[in-house]
Amino acid sequence: MPKVSIIIVTYNAMKWAERCFSSLRKSSVPLNCIVVDNGSEDGTQEFIKTNFPEIEFMQSVENVGFGKANNMGIEKAYQSGAEFFYLMNQDAWIFEDTFEKLLKVYSNHPRKEEIGILSPMHLDGSEQKLDFHFERYLGKNTVHNSIISDLYLGNVQAFYEVDFVNAAHWLLPRKTIAEIGGFNPYIFHYGEDFEYVNRVRFRNLKILVSAESKVVHDAVQGFYKNEPKTKKEMLTETRISARKQRENRYFDPAYDFDLWREKKEFISNMIKLALKGKLEESRYHYQLYQFFLKRFPAIIQKRNLILNEKHPFLNL
């Protein structure tokens with residue numbers, strides 16, 4: 001059997017810990033689990049050490065963010081000779097045959113070297129329907145594949161290629177880690193999977209979904225963790241999302257990044273909006289400009305690592 005290492009980053013995980021880690025014990029495929037705790041304050045560390053002594057436990061001295069903590073686990077698994085790396089959220093669990101069916105897709109694929117990320121189907125916490133976000137990602141790909149029709153008509157294929165799937169459940173072959181590296185530590189939380197997928201696709205690797213393998217992601221079933229109550233809160237959420245999208249665009253190795261052009265775009269938008277009398281929007285673009293002026297050096301440095309390092313953000 002191939003050596004599969006599961007990496008789980010925990011932060012106040014007691015709500016899900018029992019179900020999450022108990023599910024790993026029931027897997028028909030032997031699993032090695034590495035937990036990187038990001039400074040939990042609810043007893044997560046003690047619970048895992050006491051009840052799941054088989055887990056390799058790593059304690060971060062502080063909350064270093066989701067991506068950087070995952071990198072710590074990935075490095076440990078790589079050095080231990082893992083053939084597959086399974087990145088899994090703390091608010092998630094698997095079924096007995098999850099890995100059996102995932103690895104079957106990998107084994108039967110005619111061009112294994114093309115697989116960058118392999119994901120199972122994500123159910124929500126009720127286990128009665130697809131996870132809200134996962135279903136949206138599938139829906140966006142119906143232009144390129146017939147997964148929805150096939151599911152409805154009972155003509156499911158072994159796997160489907162998609163543009164994106166969130167990192168709640170990712171199976172990464174060792175080759176992906178060696179070529180793509182780890183998560184970008186610039187991104188503390190949320191959006192690190194989008195940035196990683198951009199690098200995977202830049203290297204002409206594929207993102208596949210195994211239609212027969214299923215897992216659970218007990219996430220909030222909606223666009224927001226806390227639903228905005230006012231127009232101001234909604235605007236804030238929208239602007240945060242737009243800022244993260246811009247950051248991911250800057251980091252995308254396929255994007256022709258030019259610092260002067262980016263600065264010019266900000267200044268042009270500020271002037272145009274002000275001339276149109278849209279002063280609040282103009283001020284927002286000024287604030288965004290100030291935000292990125294401070295961060296452009298770090299962005300450029302990380303872009304250079306992505307484009308030139310052998311396995312960026314990992315010490316292998």
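Any read-out appearing in this document is the output of simple, stated calculations on the displayed coordinates, not a laboratory observation. Bear in mind that the values here come from a model prediction, so they are computed numbers and not experimental data. Here the Cβ is made from the backbone with ideal geometry for all residues, glycine too, and neighbour counts use every protein chain on show.
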Does anything in segment 111-127 have its amide N under 12 Å from the 7 Å Cα→Cβ label point of Glu161, and if so which residues? 111, 114-116
For segment 176-316, what log10 I(q)/I(0) values come out of the Debye formula at q = 0.16 1/Å, with one point per alpha carbon and no solvent? -1.02
About the Cα centre of segment 1-89, what is the dipole size in debye to 20, counting +1 per Lys and Arg Cβ and -1 per Asp and Glu Cβ, all else neutral? 300 debye
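Using only C-alpha atoms and all pairs of different ones, pull out the Kirkwood radius for segment 1-57 in Å with one decimal.
Numbers: mean 1/r = 0.0859 Å⁻¹.
11.6 Å is the Kirkwood radius here.
Could you tell me what a quarter of the Cα convex hull surface of the chain works out to, in nm² with one decimal place?
18.1 nm²
If you count, for each residue, the other Cβ atoms within 10 Å and average over each peptide, how do 120-126, 68-74, 199-205 line up from highest to lowest? Numbers along the way, then the final one.
Values: 120-126: 20.0, 68-74: 23.7, 199-205: 16.6.
Ranked from most to least packed, the peptides come out as 68-74, 120-126, 199-205.
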Measure off 7 Å from each Cα along the Cα-to-Cβ vector at Leu151 and Glu179, then give the distance between these two points in nanometres to one decimal. 2.8 nm
Computed over the Cα atoms of segment 82-187, the Rg and Dmax in Å are 14.3, 44
Rg/Rh (Cα only; Kirkwood hydrodynamic radius) as it applies to segment 1-118: 0.98
With +1 on the Cβ of every Lys and Arg and -1 on the Cβ of every Asp and Glu, the dipole magnitude of the chain about its Cα centre, in debye rounded to the nearest 20, is 1260 debye
Only helices counted: for the chain, with every DSSP H run of 4 or more residues adding -39500 (n - 2.57) and the sum spread over all residues, [θ] at 222 nm is -14500 deg cm²/dmol
